[in-house]
DNA sequence: TAGATTGTTAATCGATTAACAATC
DNA sequence: TAGATTGTTAATCGATTAACAATC
């Protein structure tokens, strides 16, 4: 019963399933079950089967799931069976860390350029990139057909940069600035904010 | 109707309310309403009133909420009306970025020490910290009574470090390693994983 | 007083889980 | 065949929203 408006919460579990399948594959396993996956992740097996059923039938009764097959299917569903080029905006400490992060490429994403507006940062080398002037961003995004941007700029400029990204018809923003971006609904924003995590955990302290 | 097991999802919205109140205060406003807050955040006003009602009554009919008062109340509820000392484990690029991040202190958290196990990193200076040998971690945590740890280590060592933190009775872990930490339920873990965000957004690409 | 907004209840909506027929 | 596990339906659980009496 393929796609009909998949709940956001299901979409956020798929990458976790995918990662677990990759782990299992690396352990040399060929077959798994909703029960085994659930055990590993602390989810119910019913939830895993239900989540997968939004996209099709991937298992065999009595047997379970072929790990390589399900993995390939999930990659297709999530559109990470290819590599998406990303631009990073912001060459501060966080930008440095993101530029050196080795975890994007094996997951379907590749950083291809870094932009900043500070004169003393432009031209600097980070990992194998040269920081470019953010004024060059629009042309770059259009010419390279960039759909995904990582935003690692200070809070004060985040909204104005986001407005620019809207103009450029960026599809997805991974936002490390405080979560106040005001963008139209067809543009996806995923907020990463350590303070929200810390403060909500502090309730239990 | 004070506390009776507050849903996790409510707890994760409180920091967002708090931040918005701080923004409103900085704009010079003294009073707000569930409607105004909801508008800003894209939440329903009913949700905001419901969320707050888990903790008490903070508004006035016909008027709304006193911003400074509600802000103080939320800080108390979240236990961020004080400053929590944190230890950072991992002095890589991400560790650098976190050590330089200015956003923790005003939100109730302060980084007080950095640990790593790599000989060439130990003794190095990051921000105003000297990187310490991770073997010194247990004593430090006990003596300084640290409850909160930021984990910014490679995936392969994350679980073994986490096991150590369990021993030390750490209460909250902000985890930047891939989300596989296996800890008892009384220890809070908040996972920060950019790949989950990117991959779930990629579905719409 | 008239207007506005709270806190809360009840209704609605959506997500999770239990259960099981189908079937490998 | 007997045992296991899927995909799916129905039941349950929980979260969101609508509505409104209370009241500032």
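The values are calculated or read from the model by the stated rules, or taken from the named source; none is laboratory data. In this text, all values refer to a predicted model and were calculated from it rather than measured experimentally. Here Cβ is always computed from backbone atoms with ideal geometry, including for glycine, and neighbour counts include all displayed protein chains.
Annotation note: Cβ proximity below 7 Å between a residue of segment B:1-16 that is facing chain A (nearest Cβ under 7 Å) and a residue that is at pLDDT 95 or above and in a loop (DSSP other than H, G, I, E, B) (sequence gap 6+ or interchain) occurs for B:11/A:203. Across segment B:84-91, not a single residue is classified as modelled with pLDDT of 95 or more and within 13 Å of DNA strand D (Cβ to nearest atom).
Restricting attention to segment B:93-110, report how many residues are in a strand (DSSP E or B) and touching a helix residue (DSSP H, G or I) at 6+ places or on another chain (Cβ under 6 Å).
Step one: filter segment B:93-110 for residues in a strand (DSSP E or B), giving B:109-110.
Checking which are touching a helix residue (DSSP H, G or I) at 6+ places or on another chain (Cβ under 6 Å) leaves us with B:109.
Matching residues across segment B:93-110 total 1.
Can you tell me which residue is farthest from residue A:130 (Cα to Cα) among those in segment A:75-85 that are within 8 Å of chain B (Cβ to nearest Cβ) and touching a strand residue (DSSP E or B) at 6+ places or on another chain (Cβ under 9 Å)? Don't jump to the end; show me each part of the working.
Of segment A:75-85, the ones within 8 Å of chain B (Cβ to nearest Cβ) are A:77-80, A:84.
Next, only the ones that are touching a strand residue (DSSP E or B) at 6+ places or on another chain (Cβ under 9 Å) stay: A:80, A:84.
Numbers: A:80: 26, A:84: 20 Å.
My answer is A:80.
Listed by first and then second residue, the pairs linking a residue in segment B:130-142 that is in contact (Cβ under 8 Å) with a residue 12 or more places away in the chain and in the same structural domain as residue B:165 (by TED's automatic domain parsing) to a residue that is part of a helix (DSSP H, G or I) and exposed (fewer than 13 other Cβ atoms within 10 Å of the Cβ), with Cβ atoms under 9 Å apart and 6 or more places separating them unless they lie on different chains, are B:138/B:167. Residue B:64 meets each of the listed conditions (1) under 17 Å from residue B:13 (Cβ atoms); (2) more than 7 Å from DNA strand D (Cβ to nearest atom) apart from (1). Scanning segment B:40-74 for residues being within 14 Å of chain A (Cβ to nearest Cβ), more than 10 Å from DNA strand C (Cβ to nearest atom) and touching a helix residue (DSSP H, G or I) at 6+ places or on another chain (Cβ under 7 Å) gives a total of 4. Among residues of segment B:19-39 being more than 21 Å from residue B:57 (Cβ to Cβ) and within 12 Å of chain A (Cβ to nearest Cβ), the one that is farthest from DNA strand D (Cβ to nearest atom) is B:26. When the residues of segment B:156-183 are filtered to those that are over 19 Å from the mean Cα position of the chain (by Cα) and in a loop (DSSP other than H, G, I, E, B), the one that is nearest to the other protein chains (Cβ to nearest Cβ) is B:182.
Applying the criterion of being at the interface with another protein chain (Cβ under 7 Å from one of its Cβ atoms) and surrounded by fewer than 18 Cβ atoms within 10 Å (Cβ to Cβ) to the residues of segment B:191-205, the residue that is farthest from residue A:105 (Cα to Cα) is B:204. Of the listed requirements (1) within 16 Å of DNA strand C (Cβ to nearest atom); (2) closer than 30 Å to residue A:91 by Cβ, residue B:109 misses just one: (1). Taken together, the criteria exclude residue A:126 from residues that are over 18 Å from residue A:96 (Cα atoms), in the same structural domain as residue A:92 (by TED's automatic domain parsing) and surrounded by fewer than 22 Cβ atoms within 10 Å (Cβ to Cβ).
Taking the conditions (1) away from every other protein chain (no Cβ under 13 Å); (2) in a helix (DSSP H, G or I); (3) away from DNA strand D (no atom under 16 Å from the Cβ) in turn, residue B:123 satisfies each one other than (2).
Here residue B:95 meets the list (1) more than 11 Å from DNA strand C (Cβ to nearest atom); (2) within 14 Å of chain A (Cβ to nearest Cβ); (3) free of Cβ contacts under 8 Å to residues at least 24 places away in the same chain almost entirely, failing just condition (3).
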